[in-house]
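Encoded as structure tokens, the structure appears first; notes follow it.
Just so it is clear, none of the values below were taken in a lab; they were calculated from the coordinates. Quick caveat: nothing in here was measured; it's all calculated off a predicted structure. Glycine also receives a Cβ, built like all others from the backbone with ideal geometry; neighbour counts cover every protein chain displayed.
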Amino acid sequence: MKKLNVALIGTGFMGKAHSIATAVVPILFGAPIEIERKVVVDIDEELAQNAAKQYGFAEYATDWREVVSRPDIDIVDICTPNSTHAEIAIAAARAGKHIMCEKPMSMTVAEAEAMLAAAEETGVVTMVSYNYRHTPALQMARKLIEEGRIGDILTFRGYYLQDWGADPEKPLSWRFNKALAGSGTLGDIGTHVIDAARLLVGEFASVNAIVKTFIPERPLPAASMSCASPLPMIRPMPSASAPSIPVRTSRSATSSGRLPAWGRATSISSRSNGTTS
Ligand SMILES: NC(=O)c1ccc[n+]([C@@H]2O[C@H](COP(=O)([O-])OP(=O)(O)OC[C@H]3O[C@@H](n4cnc5c(N)ncnc54)[C@H](O)[C@@H]3O)[C@@H](O)[C@H]2O)c1
């Protein structure tokens, strides 16, 4: 069986999730290739060392630059803060490595285009972690829409709310820092709703948004805080069935989401608890 070696960059929340996936997916579903958890990287050496042991990697390192071009690495799995995605992905692509990159893909459209161009040049396989589109509920919703079971889509409404940032005493983290996160809660969780909208009802023709920072200061050192909590309104491509797509995302409610779409014939709703009706 073919074996591919993974270098995981970033050992936090997603680094752990991806490590669990590479460990259990072959057990749950079988896999046509063997994945070896080869090297785990974090700028924090203690985290890297602990992760190697806990997540089952053969080695650890602290500088991704020394890892992504290693001849024994086949896949680079990017689980670092958003501001680092483009640089790591472009270096990995140029070194001929396949790439799994966490969302949001990049800080800007220009960065995303440069990432894509680098991957196309070497022909590597790439994926951005819009994991919700693979949930059974959304796949079922897509199938029902494709089969015409709900008729022409007239409107789609999606929201994804989380409450952990609503407390002003919650300390500053990279997610609240525009230089590291880029787009606040819109990039953090709004992107999942935007991706779900694209999956279910297609591409956008134009976008407009109202953004507001509700908590301008947080109790931690000097870092500046300028990520907005946006309330975007997104218009879809004009078409015969042109749905309107308000997407709402905020850090002020318990984690929840629902992705309903109303059609001419009936309606469909995918919830964050994994059900569709
Ligand atoms: N797909 C999803 O549902 C989902 C969920 C959460 C987070 N994410 C994305 O995953 C990425 C990571 O988020 P997280 O929640 O795991 O963050 P986190 O803060 O838990 O972990 C980030 C880790 O990266 C390390 N790091 C920072 N800069 C680094 C560098 N230059 N080189 C090596 N390591 C570095 C940090 O020390 C930290 O251990 C973000 O892009 C985020 O948007 C996606």
Item to complete: Please find, among Y130, Y160, the residue that is within 15 Å of the chain's Cα centre (by Cα) and crowded, with 21+ Cβ neighbours inside 10 Å.
Response: Y160
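Tell me, which residue of region 86-121 that is part of a loop (DSSP other than H, G, I, E, B) and in contact with a strand residue (DSSP E or B) (Cβ under 7 Å, 6 or more places away or on another chain) is nearest to the ligand (Cβ to nearest atom)?
First, pick out the residues of region 86-121 that are part of a loop (DSSP other than H, G, I, E, B): 95-97, 102-108.
Those still in the list that are in contact with a strand residue (DSSP E or B) (Cβ under 7 Å, 6 or more places away or on another chain) too: 97, 102-103, 105.
Values: K97: 16, E102: 3, K103: 5, M105: 9 Å.
Looking at the filtered set, the residue picked out is E102.
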Item to complete: Keeping to region 62-80, report how many residues are in a strand (DSSP E or B), more than 9 Å from the ligand (Cβ to nearest atom) and not charged (D, E, K, R).
Response: 2
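With in a helix (DSSP H, G or I), surrounded by fewer than 20 Cβ atoms within 10 Å (Cβ to Cβ), within 12 Å of the ligand (Cβ to nearest atom) and touching a residue at least 12 places away in the same chain (Cβ under 8 Å) as the only criterion, which of R142, R175 stands out?
Working: R142 fails: within 12 Å of the ligand (Cβ to nearest atom).
It is R175.
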Discussion item. Being among the hydroxyl-bearing types (S, T, Y) and either in a loop (DSSP other than H, G, I, E, B) or more than 15 Å from the ligand (Cβ to nearest atom) (or both) is the requirement here; does S83 meet it?
Written reply: no
Worksheet entry | Failed criterion for P81 (all others in (1) of a type outside the set (A, V, I, L, M, F, W, C); (2) touching a Ser or Thr at 6+ places or on another chain (Cβ under 8 Å); (3) closer than 15 Å to M14 by Cβ hold) | (2)
Worksheet item: Considering only residues of region 3-47 that are assigned to a helix (DSSP H, G or I) and of a type in the set (V, I, T), which is nearest to the ligand (Cβ to nearest atom)?
Response: I20
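Residue by residue, here is whether (1) under 12 Å from the mean Cα position of the chain (by Cα); (2) of a type in the set (A, V, I, L, M); (3) surrounded by 23 or more Cβ atoms within 10 Å (Cβ to Cβ) holds:
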site: D74; (1), (2), (3): no, no, no
site: T84; (1), (2), (3): no, no, no
site: A89; (1), (2), (3): no, yes, yes
site: A93; (1), (2), (3): no, yes, yes
site: G96; (1), (2), (3): no, no, no
site: S106; (1), (2), (3): yes, no, yes
site: M115; (1), (2), (3): no, yes, yes
site: A118; (1), (2), (3): no, yes, no
site: V125; (1), (2), (3): no, yes, no
Discussion item. If I ask for residues that are within 16 Å of the ligand (Cβ to nearest atom) and either free of Cβ contacts under 8 Å to residues at least 12 places away in the same chain or not basic (K, R) (or both), which ones from region 122-139 would you list?
Written reply: T126, M127, V128, S129, Y130, N131, Y132, H134, T135, A137, L138
